[in-house]
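Encoded as C-alpha cells, the structure appears first; notes follow it.
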Amino acid sequence: VKKFHNEEDLSVSILLDCSASMQFGTPSKFDQARKIAAAVAYIAMQHQDSARFYCFAESLHPDSEAGIRPGHIHRLMGFLEKRTATGKRSSFSQTIQNFLAKTRRPGVVFLLTDAMGVEGLQEGLKRLSFRGFEVNLVQVLSAEEVQPDLAGLVDLIDAEDSSRITLQISQNLLTMYEEVLKEEFDDLRSFLNQHKITYARYLTNSPFESLLLQMFQGNAGVVG
C-alpha cells in the first residue's frame with residue numbers, strides 16, 4: 001500500500017460502492033468488493049498505516065473509525081459485515097466533495113465500484129488527484145455483465161430504480177453490446193492513464209489472490 005515514504009503514518013481511505021447494482025452476480029460484486037476492502041485494510045495496518053472505510057450510494061455514508069492498532073482490524077471487519085448494497089447512486093462527484101470535506105490530509109484512496117453508469121466518476125477522480133491523493137480504482141464486474149449468457153425475449157430490470165425493458169436478444173445485439181463495453185473500458189483506461197490513476201479490473205469469478213498480487217506488485221490490469 002505504501003508507495004512513498006513519510007515520517008507520518010499514511011492514511012488509507014477505502015470507498016466502497018454500496019448501491020443496489022453491486023448486488024448483481026454470483027458471487028455478488030458487493031461481496032467480492034468487501035473482500036478486497038478487507039484485504040486492503042489489513043495490508044495497510046500491517047504497515048502501521050491507518051485504514052478507514054466509507055460506503056456510498058445516494059450519499060457518502062458514515063465512515064468507520066480509522067486506526068492502526070492490531071485490534072482495530074476486528075472493528076473494521078464488523079463494520080463491513082453490517083453493510084448492505086441498497087439504493088441508487090447519486091453523483092460521484094458530489095460524493096467526493098463530501099469526502100474531501102471530511103478528509104483534510106491527502107493520502108491513498110482505493111475506490112471499489114463496478115464503474116458502470118456512475119455519474120460524475122471522472123470528475124470525482126480528478127478532484128481526488130488534484131488534491132494530492134494517490135488514487136486506485138478497482139472495477140469489480142461479474143462475468144455475466146462482460147459476456148451475458150442471454151437469448152430470446154428477455155425482461156431486464158434496473159436494480160436501482162426498478163425500471164423495466166423488454167429486449168429480443170440476438171447474437172448481433174450481444175456483439176454490439178460487447179463492442180460498446182470495450183469502448184467504455186478503453187475510454188476509462190485512457191482517462192486513468194492521463195491522470196496517473198492506478199487501475200485494476202476484476203471479474204468476480206476469478207481467483208481473488210490474483211487480484212491482490214497484481215495490485216500490490218505494481219502490475220495492475222485486468223484479472224479474469
Solvent-accessible area, 1.4 Å probe, carbon plus sulfur percent, for region 1-159: 50
Would you mind listing how long region 111-215 runs along its three principal axes, going by Cα atoms, in whole Å with the largest first? 49, 30, 24
Whose amide H sits under 5 Å from the amide H of Asn205, counting only residues 5 or more places off or on another chain, with H placed in the peptide plane? Ala143
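Between Asp155 and Glu65, what length in nm is gained on full extension when 0.36 nm per residue of separation is reduced by their alpha carbon distance?
In short, 28.2 nm is gained.
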Options (i) 1.01; (ii) 0.94; (iii) 0.97 are given for Rg/Rh (Cα atoms, Kirkwood Rh), and the computed one is (iii)
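The values are calculated or read from the model by the stated rules, or taken from the named source; none is laboratory data. None of the values given here were measured: they were computed from a predicted structure. Accessible surface areas use protein heavy atoms only, side chains included; no ligands, DNA or RNA. Shrake-Rupley method; radii C 1.70, N 1.55, O 1.52, S 1.80 Å.
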